[in-house]
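The values are calculated or read from the model by the stated rules, or taken from the named source; none is laboratory data. Just so it is clear, the structure is predicted and the values come from calculations on it, not from any experiment. So basically every Cβ, Gly included, is an ideal-geometry build from the backbone, and we count neighbours across all protein chains shown. Ligands, DNA and RNA are stripped out before the accessible areas are found, and what is left, the full protein with its side chains, is counted by its heavy atoms. Shrake-Rupley method; radii C 1.70, N 1.55, O 1.52, S 1.80 Å.
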Amino acid sequence: MSTDKQEPRLDTTEGHSPAAPGTQSYSTPTTLPDRSNPAPKQESPFQEEDTQPRLRTQRQQTTDKRGKIEPPAVSPGSQVWIDNQLPTGLLDEDEAPPSRWFKLSRPMPTLKYKQEQGSDKLPATPEKNVAPTSPQPEEMLAPAPMPILGGLELPSPDRTPVATPKKLEVTPQVFAKRPKGHSRPQHLRLLISVILLALIVLTGGSFTLMHLLAGGTTNPLDTTNDPSTFAQTSLNARQIDELHHLSTRMSAKQLAGLYVARMSLDEEIGQIIMVEYDDTYYSDDLNRMLTELHAGGVIMYEFQMQTAAQTKGDISSMQQHAKLPLLISTDEEGGIVHRLINIYPPRPSALDIYNTGDPQVAAQQGHKVAQDLLALGINTNLAPSVDVALVQGPGQATRTFGYTADSVINFAGPYIRSMQQDGVIACIKHFPGMGAAEIDPHKGLPVVNRTKEQLYQTELAPFKHFIQAKDKLENPGMVMPTDILMPAIDPVYPAELSHTFMTDILRKELGYDGMTLTDALYMQGVTINGQPISMAQAGVMALQAGNDMLLGPTGYVQTLDMVNAIKAALQDGTLSKARLNEAATRVIALKMQRHLMPAVPPQI
């Protein structure tokens, strides 16, 4: 940066503002010297360092091509006022000075000044660092006296010059302090500009957020397409309402993600576990699983549902003590799988419904089972089974809707639609299909040696149909896999522990993005290469494969073991936090979609 002092500017403006009250200037009339041969430039003893702020008016300047300030052309003999500003009291504020007056922006050179005065001695240098005085209000309002400058008294308001003896008064320049409360217009304009810019940015951000949530790519407001348009019109009533109801612009999965992001690790892990309990009442052990381990669901069996009143009371206690609403489930298929046998009379099995030949019977039974479950407070039915019966296996005797994929689709469809229409979550099972299994997974691992083409054409067909059904009521709320080995697709892992089945086929090929719930992880079919694995280890493997909710831990101790195993897997990297987040998000999203909890952002 240059260290040369910048020369003062030359002000030729005819309309000057009066000097600040109490300010005195040094001036003398003179004949403008011939600038073709200027005197040598010397430091003027009268030029003091200006340490006080000034109020300046707009000046007219002329510059040459190099940006250097040039003085205006003035004819020789013109009278000029040499000063930095006009003296106080010279003119009224709304009057312009005569055109023959103008001031130079700096004092005359010292040598020229001595020649004009006819003296070889320089006048006394005024004292520096004179403390500025602040005028009193009376002084500020009173007209300043006409100073004697260079032998000519400044014109009075009637513009009549008065000749006086030549006298040069040298006094320190004193600048009046700015009165209190006097604002700076420049600062006020800057503040207003900053505020307006902030409002524009915030308003534009609101438009962008609202429009992105709507999925649009163009301007959400109906404004002109002129690219020069910067300021947008105000929000209308509809747009304001949409900003106040963001939940209507977000999917349940997006809202669920907000909940998961605010959960502690214990709460998040608890939400992906559906617990079992051994008691016939709401016990302290069950209470600890809900309040301390934050279980996301509970499954009930017939021995725990003795009467309607007792069942309703226990379920009510569960929901009251849980931080988030619970998935309360049971297996009410009918026939030999009848969990409500102590409260309601027997109901027909899936095979009985198929044997009627009337899909409307399936619809009627779907409505009936939904009403019975809801009356007790059960919101999830782990049914129907959509397996295609290919053999008379011990676990499939009466649990299927026929012997072909089409018959299963034709009867299970109305059953699912009716049940979910009434408000109960349906869970189709046992993915990828166990109609050809000859042993019960509770007692061992079934192995189905069918070709890949056969499996896709038969066992997987009902699952594909309901997952991709255009009727949303036929889309299952859950899919339950089971322990079955199909070497043609995965020769090592049982289906529910297989990444190939749970992610590559179910998610990617069939397009299922809903929640999955494992079969009970304590079953004997949970083995790898013939070796059984612990329930906690099975839970981690199930999450790695792509499952969302884990069924099996019974009681506080087993549930705590499952929680600790998941934490250890997160710590050593065998399970990613992203996979856990995805699973918990699907659980919360299902609860929102089925109105178990409000589909709104979490409250602070």
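May I ask you to verify whether MET486 is in contact with a strand residue (DSSP E or B) (Cβ under 7 Å, 6 or more places away or on another chain) and either at negative phi or open to solvent by 40 Å² or more (accessible area, probe 1.4 Å) (or both)?
no
Can you list residue pairs whose Cβ atoms sit under 8 Å apart, with the first residue in segment 185-211 being over 17 Å from ASN236 (Cβ atoms) and the second being open to solvent by 90 Å² or more (accessible area, probe 1.4 Å) and modelled with pLDDT under 60? Count only pairs 6 or more apart in sequence or on different chains.
From residues that are over 17 Å from ASN236 (Cβ atoms), the pairs are ILE200/PHE230.
Here is a list: GLU459, GLU474. Which entry is open to solvent by less than 10 Å² (accessible area, probe 1.4 Å), over 18 Å from THR518 (Cβ atoms) and of a type in the set (Asp, Glu)?
Numbers: GLU474 fails: open to solvent by less than 10 Å² (accessible area, probe 1.4 Å).
It is GLU459.
Residue by residue through segment 302-329, note down the ones that are closer than 24 Å to SER264 by Cβ, in contact with a Leu (Cβ under 7 Å, 6 or more places away or on another chain) and either part of a loop (DSSP other than H, G, I, E, B) or without any contact (Cβ under 8 Å) to a residue 40 or more places away in the chain (or both).
Within segment 302-329, MET318, HIS321, ALA322, PRO325 meet the criteria.
Can PHE431 be described as out of contact with any strand residue (DSSP E or B) (no Cβ under 7 Å at 6 or more places or on another chain) and either under 21 Å from THR518 (Cα atoms) or modelled with pLDDT of 95 or more (or both)?
no
When you scan segment 318-329, do you find a residue that is open to solvent by less than 20 Å² (accessible area, probe 1.4 Å), within 43 Å of the chain's Cα centre (by Cα) and farther than 28 Å from SER385 by Cβ, even just one?
Yes; the residues of segment 318-329 include at least one that is open to solvent by less than 20 Å² (accessible area, probe 1.4 Å), within 43 Å of the chain's Cα centre (by Cα) and farther than 28 Å from SER385 by Cβ.
Within the set of pairs 6 or more residues apart or between chains, which connect a residue that is under 10 Å from GLY525 (Cα atoms) and in a loop (DSSP other than H, G, I, E, B) inside segment 483-498 to a residue that is open to solvent by less than 10 Å² (accessible area, probe 1.4 Å) and of a type in the set (Asp, Glu) with Cβ atoms less than 8 Å apart?
ASP483/GLU496; PRO494/ASP483
Write out, first by first residue and then by second, each pair whose Cβ atoms fall under 6 Å of each other, whose residues are 6+ apart or on separate chains, and whose first residue, in segment 543-562, is modelled with pLDDT of 95 or more while the second is open to solvent by 10 Å² or more (accessible area, probe 1.4 Å) and of a type in the set (Ser, Thr, Tyr).
Here the result reads GLY546/THR503; GLY552/TYR522, each pair linking segment 543-562 to a residue that is open to solvent by 10 Å² or more (accessible area, probe 1.4 Å) and of a type in the set (Ser, Thr, Tyr).
Could you tell me which residue of segment 427-449 is least open to solvent (accessible area, probe 1.4 Å), considering only residues that are closer than 20 Å to GLY530 by Cα and charged (D, E, K, R)?
Per the criteria, the residue is ASP440.
If I go through segment 562-586 residue by residue, how many of them are surrounded by fewer than 12 Cβ atoms within 10 Å (Cβ to Cβ) and within 22 Å of the chain's Cα centre (by Cα)?
2
When only residues in segment 284-301 that are assigned to a loop (DSSP other than H, G, I, E, B) and open to solvent by 10 Å² or more (accessible area, probe 1.4 Å) count, which is nearest to VAL587 (Cα to Cα)?
Across segment 284-301, the extreme among qualifying residues is HIS294.
Filter segment 355-390 down to residues that are in a loop (DSSP other than H, G, I, E, B) and polar (S, T, N, Q), then give me how many there are.
Going through segment 355-390 one residue at a time, the tally reaches 1.
Out of segment 253-271, which residues are surrounded by 18 or more Cβ atoms within 10 Å (Cβ to Cβ) and among the charged types (D, E, K, R)?
GLU268
Go through segment 522-532 and report how many residues are surrounded by 15 or more Cβ atoms within 10 Å (Cβ to Cβ) and free of Cβ contacts under 8 Å to residues at least 40 places away in the same chain.
Selection size over segment 522-532: 2.
Name the single residue, out of those in segment 378-397 being touching a residue at least 40 places away in the same chain (Cβ under 8 Å) and surrounded by fewer than 17 Cβ atoms within 10 Å (Cβ to Cβ), that is nearest to GLN457 (Cα to Cα).
Looking at residues that are touching a residue at least 40 places away in the same chain (Cβ under 8 Å) and surrounded by fewer than 17 Cβ atoms within 10 Å (Cβ to Cβ), I get VAL391.
Can you name the residue in segment 340-377 that is touching a helix residue (DSSP H, G or I) at 6+ places or on another chain (Cβ under 7 Å) and of a type in the set (Ser, Thr, Tyr) and is also most open to solvent (accessible area, probe 1.4 Å) among such residues?
Taking the candidates together, the pick is TYR354.
Note down all Cβ pairs under 9 Å where the first residue falls in segment 413-437 and is basic (Lys, Arg), the second is open to solvent by 10 Å² or more (accessible area, probe 1.4 Å) and in a helix (DSSP H, G or I), and they're at least six residues apart or on different chains.
Hits for this filter: ARG417/ALA363; ARG417/LEU473; ARG417/GLU474.
Check off (1) among the β-branched types (Val, Ile, Thr); (2) crowded, with 20+ Cβ neighbours inside 10 Å; (3) within 28 Å of PRO414 (Cα to Cα) for ILE315 and give me the number that stays unchecked.
(3)
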